[in-house]
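A short worksheet on the structure shown next.
The values are calculated or read from the model by the stated rules, or taken from the named source; none is laboratory data. Since this is a predicted model, take the numbers as computed values, not measurements. Glycine gets a Cβ as well: all are built from the backbone with ideal geometry, and neighbour counts include every protein chain shown. Calculation scope for accessible area: heavy atoms of the full protein, side chains included, ligands and nucleic acids excluded. Shrake-Rupley method; radii C 1.70, N 1.55, O 1.52, S 1.80 Å.
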Amino acid sequence: MVKKTVDLQGKYVMPGLVNAHTHIMINPQTNKLNYLSEAEVTFTALNNLKELLQSGVTYVRDCGCAFDVDIKLRRLQEEGQLGGTEILPSGRPMSMTGGHGDFTEGLDGETTWGNLVDSSDEMRKAVRREFKLGAKNIKVMATGGVMSATDQIDDTELSVEEIRTAVEEAHSKHMTVAAHAEGANGIHNAIVAGVDSVEHGSYITDEDIDLMLEKNIYLSPTLIAAYTIPEYGEGKLPQYMLDKAKSFIKDFYARIGAAAKAGVKLTLGTDAGTPFNGFKDTTKELELLTSVGATKEQALHASWNSAKLLGISDKYGSLKEGKVADFLVLDNDPVSDVKAVQQADKAVYKKGIKVF
């Protein structure tokens, strides 16, 4: 084998980023939530994956995708037919009727993005369905959310028993469980039920911070998802989204800061695809983490935590002999300033090949 040497004198090398919370089906500029065809979703996903790779994200966990497109694209990757940013898929999320995730998709106008589950038995069947299709993670909607018109952020939407059923089924099949959880009661339910990660954690209490530490549960703050709506959405988004985002963002940032200072394991996740939250903007999350109280070390370590959460840290997330050669080349030192990772023209290597 011919070895090639690349001179990186004066440059800084870091592992490719692992984003633990994306929605590759969504165009963050059009903010469309109704999908007429699988072809439309696939086209959008492929464009978003290219943006992710160019920004330095070499692996993602997708946290809910219409028509299970994330599962189907992952299968193509495993067969060697699709390169680029790799996907750990979740398929369709688990939502209650009328709750966060009960969005319409499909030409019939009735099919929903989420699996609608209103009992433990329905949850069990839906998790098994996603497992059969090829999901590696199960997403449960434990509370309301900003983008759903029918609920409030702090609405409790799945019971402890329903979430615990999802955890039991998923863990018995080597899958993880991620809980969309913004309100305090729903966050507590998810933690008690034994999920692997809390997504957002907007109103997490001090007591549940301690419980997360005790149970070794990860937190994916997705700060940028709250930041972009009031920053860019005025006059472009439904008023309910703007009102919700503005009402909780200050408390959200404060509670994530408290979790960071307590030592909760933070992952790098952005909720990319939500309004004006671009797939090229993953690196902004590192800056936002430090702005709410995380240390630079915690922010940079978040991507490594993502790899551990996804169960891929044996091959991805750090640079070491024998691991996959996913790495970035920067002009400035990210340890000194995490904004160095935002460099637009950074070199991106995927599996040892320079792709950008």
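With the whole protein complex present, GLU78 retains an accessible surface near 120 Å², based on a 1.4 Å probe.
Membrane-span-like helices in the chain (whole DSSP H runs, Cα extent of at least 18 Å along the helix axis, mean Kyte-Doolittle hydropathy of at least -1.0): 38-55, 239-262, 296-310. How many percent of the accessible area of the stretch 217-268 is carbon or sulfur, using a 1.4 Å probe? Result for the stretch 217-268: 54 percent of the exposed heavy-atom area is carbon or sulfur. What separates the Cα centres of the stretch 1-60 and the stretch 301-356 is a distance of 13 Å.
From the square roots a ≥ b ≥ c of the eigenvalues of the alpha-carbon gyration tensor of the stretch 105-254, which class results: rounded (a/c under 1.5), prolate (a/b over b/c), or oblate? Cα axes put the stretch 105-254 in the oblate bin. Given axes a ≥ b ≥ c from the Cα gyration tensor, I'd like to know whether the stretch 261-356 is rounded (a/c under 1.5), prolate (a/b larger than b/c) or oblate. Cα axes put the stretch 261-356 in the rounded bin. Figure note: ASP271, ASP331 ranked by solvent-accessible area, largest first, 1.4 Å probe, ligands and nucleic acids not counted: ASP331, ASP271.
Taking the Cα centre of the stretch 1-102 as reference, the dipole from Cβ charges on Lys and Arg (+1) and Asp and Glu (-1) amounts to some 340 debye. Rolling a 1.4 Å probe across the protein heavy atoms gives the chain an accessible surface of 42 Å² per residue.
Between rounded, prolate and oblate, where does the stretch 135-213 land on the alpha carbon gyration tensor, with a ≥ b ≥ c its root eigenvalues, rounded for a/c under 1.5, else prolate if a/b exceeds b/c? The shape class here is oblate. The helix-based estimate of mean residue ellipticity at 222 nm for the chain, built from -39,500 (n - 2.57) per DSSP H run of four or more residues and divided by its residue count, is -11500 deg cm²/dmol to the nearest 500. Counted without the sites themselves, the longest stretch of the chain free of trypsin sites (Lys or Arg not before Pro) in a DSSP loop having at most 11 other beta carbon atoms within 10 Å is 5-319.
Residue pairs exceeding 27 angstrom between C-alpha atoms, taken from LYS173/LYS284; LYS4/LYS315; LYS136/LYS346; LYS136/LYS320; LYS236/LYS284; LYS32/LYS350: LYS173/LYS284; LYS136/LYS346; LYS32/LYS350. About its Cα centre, the stretch 251-356 has a charge dipole of approximately 320 debye under the convention of +1 per Lys or Arg Cβ and -1 per Asp or Glu Cβ, with nothing else charged. Heavy-atom accessible surface of LEU219, to the nearest 10 Å², is about 0 Å², with a 1.4 Å probe and all protein chains retained.
When only the Cβ of Lys, Arg, Asp and Glu is charged (+1, +1, -1, -1), the dipole of the chain relative to its Cα centre reaches about 1500 debye.
Distances between placed amide hydrogens fall under 5 Å for THR112 paired with GLU105, all partners being 5 or more residues away or on another chain.
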